[in-house]
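K.L.:
I am attaching a structure below and will ask some questions about it afterwards.
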Amino acid sequence: MNGLEYILNLYQMQHIDLADKLGIKKQNINMWIKGKQNIPKKYFPVLEEMFGINAVYFSKELTDLDKLEIQKEKLKRDLKPVVESHRSQFVLNEEMDYVVDVPVYDQEEMNVMERSIEKARLIERFKAAVEIVDENPYMDTIALIVELLEKKQHEAILQKTIEALGHYLEVLPDWINSDPGQDEFESEIFEVFDDHNY
């Protein structure tokens, strides 16, 4: 769905109302939404100010993640939440690994939205990982991971083992450690890996 169309629906604004606010004809709005005409650059700052949404979203086809980001901005504008605290979240990135402070709001609706966005990002990354090659030779492994997530994701041993693999395969930096006993667990599991020449 076109960004402008989605935003107008979200804000329950009619095409004619936006046209009146911009001082243009309704047909222009229809042309923008149908992609028959680009939104002139001079209107982007006005649209950003009007909706509190970054200009990049107005003229693109939106992903599910884009829609959630737009909903978040609308929710922020409506609720005016206060950041009560921050929680640390580790981010793996192609360029570098780092920790970000994620805001914790006084309004649970905002916290739910933040978690929904976090989940949507993970789902996009998971889909991309599965699609790396057409005939993925590790589909059985991916199927097993999905099975474990469906049935045992709350098991501490799953978290500890995946974190250990992350350290062993140097995907996760050594300074990231979720549990005081993790180092001992990892040294024992690494011995098993080394004994089997993994």
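K.L.:
For K26, what is the net charge nearby, where nearby means another residue's Cβ is under 10 Å from its Cβ and Lys, Arg count +1, Asp, Glu -1?
P.N.:
With Lys, Arg at +1 and Asp, Glu at -1, the net is -1.
K.L.:
Report, to one decimal in Å, the Kirkwood hydrodynamic radius for the stretch 81-132 based on all distinct Cα pairs.
P.N.:
Here the Kirkwood hydrodynamic radius works out to 12.5 Å.
K.L.:
Now, a different point. Test of understanding: given the chain, find the longest segment containing no trypsin sites (Lys or Arg not before Pro) that are in a DSSP loop and have at most 15 other Cβ atoms within 10 Å.
P.N.:
61-198
K.L.:
Also, I was wondering about something else. Using a 10 Å Cβ count of at most 10 others and DSSP loop calls, identify the longest part of the chain lacking such GluC sites (Glu not before Pro).
P.N.:
Between the exposed loop sites, the longest stretch runs 1-93.
K.L.:
If you project the alpha carbons of the chain onto the principal axes, what extent comes out on each, in Å, largest first?
P.N.:
Dimensions of the chain along the principal axes of its Cα atoms: 74, 45, 32 Å.
K.L.:
Holding the Cα-Cα limit at 20 Å, pick out from K72/K119; K21/K41; K41/K74 the pairs that are longer than that.
P.N.:
K41/K74
K.L.:
Further question: Can you tell which of G3, T63, F193 lies farthest toward the positive end of the dipole of the chain, using +1 and -1 charges on the Cβ of basic and acidic side chains (Lys, Arg; Asp, Glu)?
P.N.:
G3
K.L.:
While we're on this one: If the only charges are +1 at each Lys and Arg Cβ and -1 at each Asp and Glu Cβ, what is the size of the charge dipole of the stretch 3-62 around the Cα centre, to the nearest 20 debye?
P.N.:
Dipole of the stretch 3-62, to the nearest 20 debye: 280 debye.
K.L.:
What's the FRET efficiency of E155 with Q71 using the Cβ-Cβ distance as r and R₀ = 35 Å, to the nearest 0.05?
P.N.:
Taking R0 as 35 Å, the efficiency between E155 and Q71 is 0.60.
K.L.:
Let's test the formula: R0 of 45 Å, r as the Cβ-Cβ distance of L144 and Y11. What FRET efficiency results, to the nearest 0.05?
P.N.:
0.55
K.L.:
Please give the FRET efficiency for A19 paired with S59, using the beta carbon to beta carbon distance and R0 = 22 Å, rounded to the nearest 0.05.
P.N.:
Rounded to the nearest 0.05, the efficiency is 0.85.
K.L.:
Once the Cα atoms of the stretch 137-198 are picked out, what are the Rg and Dmax in Å?
P.N.:
12.6, 36
Only the coordinates and a few stated rules stand behind these numbers; no lab work does. Small disclaimer: the values here were computed from a predicted structure and weren't measured. Note that we place each Cβ from the backbone using ideal geometry, even for glycine, and neighbour counts take in every protein chain shown.
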